[in-house]
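Every number here is computed from the coordinates shown, using simple stated rules; none is lab data. Since we're looking at a predicted model, the values are computed, not measured. FYI the Cβ positions are ideal-geometry reconstructions off the backbone, even for glycines, and counts take in every protein chain you see.
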Amino acid sequence: MRDPIIEEIKQRINIVEVIQEYLPLKKAGTNWKGLCPFHSEKSPSFMVSEDRMMFHCFGCGEHGDVFTFLMKQEGYDFPEVLKLLADRAGVKIERRDPKIAHERNLMREIVELTSRFYQKVLTDSPQAEAARQYLSKRELKPETIRAFGIGYAPEGWETLCNFLNKHGYKDDDIINAGLALRSVNGRGVYDRFRKRIMFSIRNHQGETLGFTGRLLPEDEKKPDAGGKYVNTPETGLYNKGGDVNKEALIGFRTLLFGLDLARQDIKKNDLAVLVEGNMDVISSHQAGIRNVVAISGTALTDDQLGRLGHYTKHLAVAFDADTAGANAAKKGIVAALRNGFIVKVIVIPEGAGKDPDDCVRKDPLLWKKAITEAVDIIDFLIANVRLNNDLRSVDGKKEAIKQILPIIAEVGDPVVQAHYLKVLSETVGIPDDVIRSQLPKRGNAEASPRQTDAEAKPRLSRTRMLSERLLAIYLTDPKVRPEVQNGLKSEYLEGEELKDLYGWALAGYTQNIISLPAPREERAIELAEILPLKLDVEPAAEPLNEVKDILNILASLHRQAVRERLETEMRDAETIGDVARIEELTRAFKEL
Ligand SMILES: [Zn+2]
């Protein structure tokens, strides 16, 4: 099953170096340890082994290799991690379709170069004076403009095309990248974006895939100026939802503006704030509130939600107060609920402006407060119905149920759904089984409830800890093996997988055979890699003595456990007066 390319990458990449980019690691024996990034802890139980090319957390049980680490830490898909690490390791991956790969690389180069071109024009060109003034009026700092890759598309029909031609790119490729159009007579091409402020649209990894161009305010009223916002059309690199060639576009269907700069903060806060406009994102980031992303004009897609779900399942949605915004919000919210998100609504306080951008510029604290005080979606909807209806009247109750129940019907998580039904039932004063009986069928019934994040693992029992320690020493120190093999009975060990591991190791050491069926063997191999890491945290000073001690304790813990079991069974036998069973158990007691 082991892919030679993946193995080669793992060999070439130092897992310690990669993980150290995210958290400090200290040397512990031959391994490294640090505070686990996947659960919260005060003393380090996260181990990284350079030799074994793996990590393991003894607190929460997360473990894996450098691929698993990046997928968990960054929320990347496997193909993304593969590409990232292959680049880093200098390993070439064969693409399935070299033509698509070539076109995609070409487009990416063109878009990247164009982004730099627009940025340079914005900072240096006299033509961009009005744009610079506009941005400074919106109080954007130069570092913010740089961080978001904001630029300016100059006036003129061929400025960009000429620039790109000079860099060796052909007209057809520029058209494919969505940056130019063929003129009506078919003979020439011209720039798609002219005299616009350009926002880079990037994926979560920070690669520029397209642009949104915004008119200068002075041009907004001109009849021939075009729409206030123009997006790059759907290209191989960018699309705004809908059917696309997934082979060509894998990884590019999920764009949310600002996600590349927001994702770490989203994860840290376990909350994504969703706004409508790019400027909302930019000013919020500038004010230090960075867990904010925007959808660009459309409703949230399942793909975007899937991407976001890598970082959090909590969404706070802020939309403009106009009706279009409310509708878009509704559409996005239903999709989010269906995808298992917990959704809140951010209400921008009275007098703080019409959108988050206004609000932040007025006072970042107001915006921060609005996010903190976001209300649960169902409470928000109930309050909305209450505005125009008396919920004590029959009509009011019916109206509330009519408006809110279809939304509750979409909730993907059954626990959340039951909670909402209860809230609605209490609000209108109608029993929740009556309301539940009205529940419409879901628009999209396929979604299964997602598993909630694993709860913190319970503390290990003493027997389990000693079993693990004993086996760790047994696996790493050949000198103690005879002692263990003489003194250890499999039933002393706690956990079927440890019993398997011991049986497997024993058969391997003494008879050179593999004694387990494949899936259990894999688990044993895994444990054989993981357990010895523990010894690096607490090395065995005198392995042989420690092994003897552990064997004694395990034997006595085992006797104690057996005695307790016999006692329970004895009480049961006495209760029902089973004489034969009582005699049998008495004999077993004596044998102990
Ligand atoms: Zn952990």
Going residue by residue through the range 36-48, the Karplus relation 6.51 cos²θ - 1.76 cosθ + 1.60 with θ = phi - 60° gives ³J(HN,Hα) values, rounded to whole Hz and with x marking Gly or Pro, of 5, x, 9, 8, 8, 8, 9, 10, x, 10, 9, 10, 10
For the chain the translational diffusion coefficient, Stokes-Einstein from a Kirkwood Rh over Cα pairs at 20 °C and viscosity 1.002 mPa s, in µm²/s, is roughly 74 µm²/s
For the chain, the longest principal axis of the Cα atoms and the Cα long axis of helix 414-428 enclose an angle in degrees, to the nearest 10, of 60 degrees
Rh_Kirkwood(the range 1-111) over Cα pairs, Å, one decimal, evaluates to 15.4 Å
Phi-derived 3J(HN,Hα) across the range 110-126 with the Karplus relation (6.51, -1.76, 1.60, θ = phi - 60°), rounded Hz, x for Gly and Pro, is 5, 5, 4, 5, 4, 4, 5, 4, 4, 5, 5, 4, 4, 7, 10, 7, x
Cα-based Rg then Dmax for the range 376-437, in Å, read 10.7, 31
Measuring from its Cα centre, the range 525-592 shows a charge dipole (+1 at each Lys and Arg Cβ, -1 at each Asp and Glu Cβ) which, in debye to the nearest 20, is 280 debye
For the range 332-345, Karplus-derived ³J(HN,Hα) couplings (6.51, -1.76, 1.60; θ = phi - 60°; whole Hz; x for glycine and proline) come out as x, 5, 4, 4, 5, 4, 4, 7, x, 7, 8, 10, 10, 10
Pairs over 31 Å Cα to Cα, from Lys166/Lys221; Lys141/Lys354; Lys489/Lys590, come to Lys166/Lys221
Spelling it out for Asn389: with amide H atoms placed in the peptide plane at 1.01 Å from N, the residues 5 or more places away or on another chain with amide H under 5 Å from its amide H are none
Counting only residues 5 or more apart in sequence or on a different chain, those whose built amide H sits under 5 Å from that of Arg196 are Ala153
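Kindly provide the helix-only [θ] at 222 nm of the chain, computed as the sum of -39,500 (n - 2.57) over DSSP H runs of four or more divided by all residues, to the nearest 500 deg cm²/dmol?
On the way: 26 runs with 309 residues, N = 592.
The per-residue figure over the chain is -16000 deg cm²/dmol.
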Tilt, helix 462-476 to longest principal axis of the chain (alpha-carbon atoms), in degrees rounded to tens, equals 90 degrees
Tilt, helix 394-409 to longest principal axis of the chain (alpha-carbon atoms), in degrees rounded to tens, equals 70 degrees
Counting only residues 5 or more apart in sequence or on a different chain, those whose built amide H sits under 5 Å from that of Glu494 are Ser467
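Taking neighbour counts of Cβ atoms within 10 Å as a proxy for exposure, in what order, fewest first, do Lys42, Lys534, Lys368, Lys137 appear?
Details: Lys42 6, Lys534 20, Lys368 16, Lys137 9.
Placing the least packed residue first, the sequence is Lys42, Lys137, Lys368, Lys534.
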